[in-house]
Each structure stands twice: as structure tokens, then as C-alpha cells.
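Below you'll find the structure, written out as C-alpha cells, and then a few comments.
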Amino acid sequence: MLALSDLTTNYGRIAALKGVSLEVKEGEVVALIGANGAGKTTLLKTVCGIVSPASGEILFQGAHIGGKDPSDLYSRGMALIPEGRGILTTMTVRDNLLLGFYNRKASSAEIARDMDEMLTRFPVLRDRIDQSASVLSGGEQQMLAISRALLARPKLLLMDEPSLGLAPLVVQQVFETVLDLQREGLTILLVEQNAKQALQVSDRAYVLETGKIVLSGEAEALLTSPDVQKAYIGGR
Ligand SMILES: Nc1ncnc2c1ncn2[C@@H]1O[C@H](COP(=O)(O)OP(=O)(O)OP(=O)(O)O)[C@@H](O)[C@H]1O
Ligand SMILES: [Mg+2]
């Protein structure tokens, strides 16, 4: 589905990604874990075209997409839930959800059906559909961000720290949602600092340190790896 090879991304003279190779196969949930500043967000931004790579290759569904713009990639089936959720707080919940359709050619009947399906999945959003998104709690905003991304019918979902800043119970809900989506067959690249829980819902994972992949493998194996335990789980 997605393959990065030897990808580098720079911000001026700062090298944020230094030759990253990574693969996400169809139907997999792949976690990308790493500390603050490791380059996780940069990797997602490079994949979805917000930032251009300096070198290397990005293949998405067999096509070279390095340097393509975000709107093009969105139309091809890539949806990003950005760090901080990207909810438009000046708009209602409904209008935020409708944004999910902007690159789809959906009839009003399809829109109504898909909206209804999503609101059944996340009933809390139905209760608040005509309220400003600004009054939602952090967890509700995350559900809104996930819903909006899903309404675009993505083939690949990119999630940037969906559990960040949420209460433990809500964090649990976010990871349960990831598990549900995995069972439904969605392909997900999940960026998290919450390594333990991310690994528990993933098939495979990569560890990013200062722009380089330092470890990768089956999520279960990484969960018990002493290196990962020490650096990303033990101390937390
Ligand atoms: N727009 C930018 N201009 C210059 N440097 C940047 C920019 N965005 C990120 N960086 C730098 O690139 C490096 C990687 O940042 P990035 O945001 O990708 O890390 P991250 O792993 O997502 O961190 P966090 O866990 O804090 O979100 C950091 O050193 C950061 O300071
Ligand atoms: Mg980040």
C-alpha cells in the first residue's frame, strides 16, 4: 500500500528525516513510535504531501507520489488526522463532518447515509451535531477528527498522536477505535508516543530516533524488547 525508501526531508539546514525506509501493507496497522522531535510528524507530512522530500521514494498503491500535493493524495485515498486533531472550532460538528466529503462525488442520499452511519458509530457526535465544535471535549474532538477522516473513505489512514492530551479512559476509547478499524480492514499508519498502547493495537512497528529508523518488527516482539521497554515503556 505504502512504501518509503531512503526518504530524507529537510527544514532548511535541519535534516528531520535521514534516509527512512518503511512499509505499510494493505490491511495492516503499523505503529511509528519515537520521542519528541524524532521526526514522526515530519514523516506523515512528507507522506501526505504537506512537506516535500529532499530525496528518496514514496510509493502509494504502486504510484510514485513524492512531491505530489495534499489534495491530489487525499483524492487518491490518503487521509491524515493531524497532530492536535485539526478540528475547525469556528464551525459546527455537522460542517466539520461534511468536510470529509469534499473530495468525494457523493449524492445527497449517500451523504445522508454515511453521516448517519458515522453518527451511529459515535453517538456523542449526534447529540452535538449542530453545536460549535469548540464546545467538544478533547476526546469528542478526536472522535470528530476520526469521523471526518473516515467519511473521506480513505484507503490509508495516517494518525498523528491521536491519544495526546486525553484522559486515560478516552485514550482507551481511541485505541479501541483503532482496533475496530483494523478489524474492518482499514490500513493505518499510527504515530504515537504512547508506545505500549500503540504496540498493543498494531501488527508491526518502527522506532524512529532523530530522523532514523533504529528498530522495527512485529509489534508483539517490540513490546517485549528490552530496548523498547527501557526507552519507551519502562519509564512511563
Ligand atoms: N517547520 C519546521 N521548521 C523547522 N524545523 C522543524 C519544523 N518542523 C519540525 N522541525 C524540526 O524537525 C524535527 C522533527 O520534528 P517533528 O515535528 O517531525 O517531530 P515529532 O517526532 O513529530 O515530535 P513530537 O513528538 O514532539 O510531535 C525536530 O527537530 C523539529 O524541531
Ligand atoms: Mg509530532
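Per-residue ellipticity at 222 nm computed for the chain from its helices equals -9500 deg cm²/dmol, with DSSP H segments shorter than 4 residues left out and the rest contributing -39,500 (n - 2.57).
Quick one: pull the percent of accessible area on segment 2-234 belonging to carbon and sulfur, 1.4 Å probe, ligands and nucleic acids left out. Intermediate results must be reported in sequence, preceding the final value.
Working: 5320 of 10590 Å².
Result for segment 2-234: 50 percent of the exposed heavy-atom area is carbon or sulfur.
Are there DSSP H segments in the chain that both extend 27 Å or more along their axis (alpha-carbon positions) and score a mean Kyte-Doolittle hydropathy of at least 0.5? List them, or say none. Mind showing how you got there, number by number?
Values: long enough: none.
Sorted by number, there is nothing, because no helix extends far enough and scores high enough.
Placing pseudo-labels 7 Å out from each Cα toward the beta carbon at residue 155 and residue 196 gives an inter-label distance of 3.7 nm.
How much of the calculated P(r) for segment 2-234 lies past 21 Å, in percent of all Cα pairs?
56
Per residue, the accessible area of the chain comes to 46 Å², computed with a 1.4 Å probe over protein heavy atoms only.
Whole-Å semi-axes of segment 84-129's equivalent ellipsoid, largest first, each the root of 5 times a Cα gyration tensor eigenvalue? It would help to have the intermediate numbers written out before the result.
On the way: eigenvalues 62, 43, 14 Å².
Over the Cα atoms of segment 84-129, the semi-axes work out to 18, 15, 8 Å.
The simple spin-label model puts a point 7 Å past each Cα toward its Cβ; for residue 13 and residue 218 those points are separated by 4.6 nm.
Placing a label point 7 Å from the Cα of residue 61 along the Cα-to-Cβ direction, the residues of segment 163-188 with a backbone N closer than 13 Å are 187.
The values are calculated or read from the model by the stated rules, or taken from the named source; none is laboratory data. The structure presented is a predicted model; accordingly, all values stated were derived computationally and were not measured. Glycine also receives a Cβ, built like all others from the backbone with ideal geometry; neighbour counts cover every protein chain displayed. Each accessible area value is taken on the protein alone, full model and side chains, heavy atoms only, with ligands, DNA and RNA left out. Shrake-Rupley method; radii C 1.70, N 1.55, O 1.52, S 1.80 Å.
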